[in-house]
Amino acid sequence: MKKILGLSVLILALLSSCKKDDECKLSPPAIVAPASEIQAVKDYLTSKSITAIQDPSGVFYLNTQEGAGTATPTVCSTINFIYKGTLTNGKVFDGPSTLTFPLQDLIAGWQIIIPKMKRGGKTTLYIPPTLGYGSREIKDNLGNVIIPANSILIFDIELLNF
C-alpha cells in the first residue's frame, strides 16, 4: 500500500510539474544603439524635415494612425501586419506585403516599438543598424545584396491584428 501511495504521489508531482504556463515571460530587447548610429538616424530625419519620437533604445518612430482600443501586443504575440522596408537612399528592399509572424522572430527594432502600437495603428520606424541587421549584409535568393551592412532601416507598418 505504501508503494502505491508513494508511486501515486510521484506521478502527481511529475504531472503537475508539466503544467503549461502560457504567460509570456519575454520582454522587448534591452539593446541600445551606439550614439554614433543614433546621431546618423537623427541626421537623416533632420535632412528630411521629419519629426519622430526617439525611444531610449535609439529607434525613432512616427505614428501616423493611432489604432483602436487599449490592447497592445507583447513580444510573445504573433502579429499580422502590412509593411514596406526602405533604405535611406529611397530603395525599397521589401514589400509592400501582408505577413503574419511571431514578433519575437523579428528584428530588435520591431520588438521594441510594435508593443507600443494598437490594432489598426500605423507607424514609420527608423531603425539604427544595431537594432536591425547590424553588420550583416542581407541577400536575395540570387545572392544580390538587398540590405547593405550597417544600414539604417525604414519601415512603414500597419498593425492589422495580434
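The values are calculated or read from the model by the stated rules, or taken from the named source; none is laboratory data. Please read these numbers as outputs of a predicted model, since none were measured by experiment. All Cβ positions, even for glycine, are placed from backbone atoms using ideal geometry, and neighbour counts span all protein chains on display.
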- Filtering the stretch 122-157 for residues that are out of contact with any helix residue (DSSP H, G or I) (no Cβ under 6 Å at 6 or more places or on another chain), over 20 Å from residue 27 (Cα atoms) and surrounded by fewer than 20 Cβ atoms within 10 Å (Cβ to Cβ) leaves a count of 18
- Task: State all residues of the stretch 49-70 that are within 18 Å of residue 122 (Cβ to Cβ) and in a loop (DSSP other than H, G, I, E, B); if no residue qualifies, say none.
- Result: 50, 51, 52, 55, 59, 66, 67, 69, 70
- Task: Would you check if residue 103 is crowded, with 17+ Cβ neighbours inside 10 Å, under 26 Å from residue 38 (Cα atoms), modelled with pLDDT of 95 or more and touching a Ser or Thr at 6+ places or on another chain (Cβ under 6 Å)?
- Result: yes
- Message: Go through (1) closer than 28 Å to residue 43 by Cα; (2) of a type in the set (A, V, I, L, M); (3) in contact with a Lys or Arg (Cβ under 9 Å, 6 or more places away or on another chain) for residue 160 and report which single condition fails.
- Response: (1)
- Message: I need a count of the residues in the stretch 116-137 that are among the aliphatic types (A, V, I, L, M), assigned to a strand (DSSP E or B) and farther than 14 Å from residue 82 by Cα.
- Response: 1
- Picking from 82, 113, the residue that is modelled with pLDDT of 95 or more and assigned to a strand (DSSP E or B) would be 82
- Checking residue 134 against (1) out of contact with any Pro (no Cβ under 7 Å at 6 or more places or on another chain); (2) touching a residue at least 40 places away in the same chain (Cβ under 8 Å); (3) within 28 Å of residue 35 (Cβ to Cβ), which test does it fail? (2)
- Can you tell me which residue within the stretch 22-48, out of those that are in a helix (DSSP H, G or I) and of a type in the set (D, E, K, R), is farthest from residue 103 (Cα to Cα)? 43
- Query: residue 141: part of a loop (DSSP other than H, G, I, E, B) and closer than 18 Å to residue 37 by Cα, yes or no?
  - Reply: no
- Task: Being within 17 Å of the chain's Cα centre (by Cα) and either farther than 13 Å from residue 107 by Cα or of a type in the set (Asp, Glu) (or both) is the filter here, so list the residues in the stretch 121-137 that pass it.
- Result: 121, 122, 123, 124
- Filtering the stretch 22-64 down to residues that are touching a Ser or Thr at 6+ places or on another chain (Cβ under 8 Å), surrounded by 13 or more Cβ atoms within 10 Å (Cβ to Cβ) and at pLDDT 95 or above yields 32, 33, 37, 44, 45, 52, 58, 61, 62, 63
- Answer yes or no: is there a residue in the stretch 91-99 that is under 18 Å from residue 160 (Cα atoms), surrounded by 13 or more Cβ atoms within 10 Å (Cβ to Cβ) and in contact with a helix residue (DSSP H, G or I) (Cβ under 6 Å, 6 or more places away or on another chain). no
- Subset of the stretch 70-106 [more than 27 Å from residue 44 (Cα to Cα) and without any contact (Cβ under 8 Å) to a residue 12 or more places away in the chain]: 105
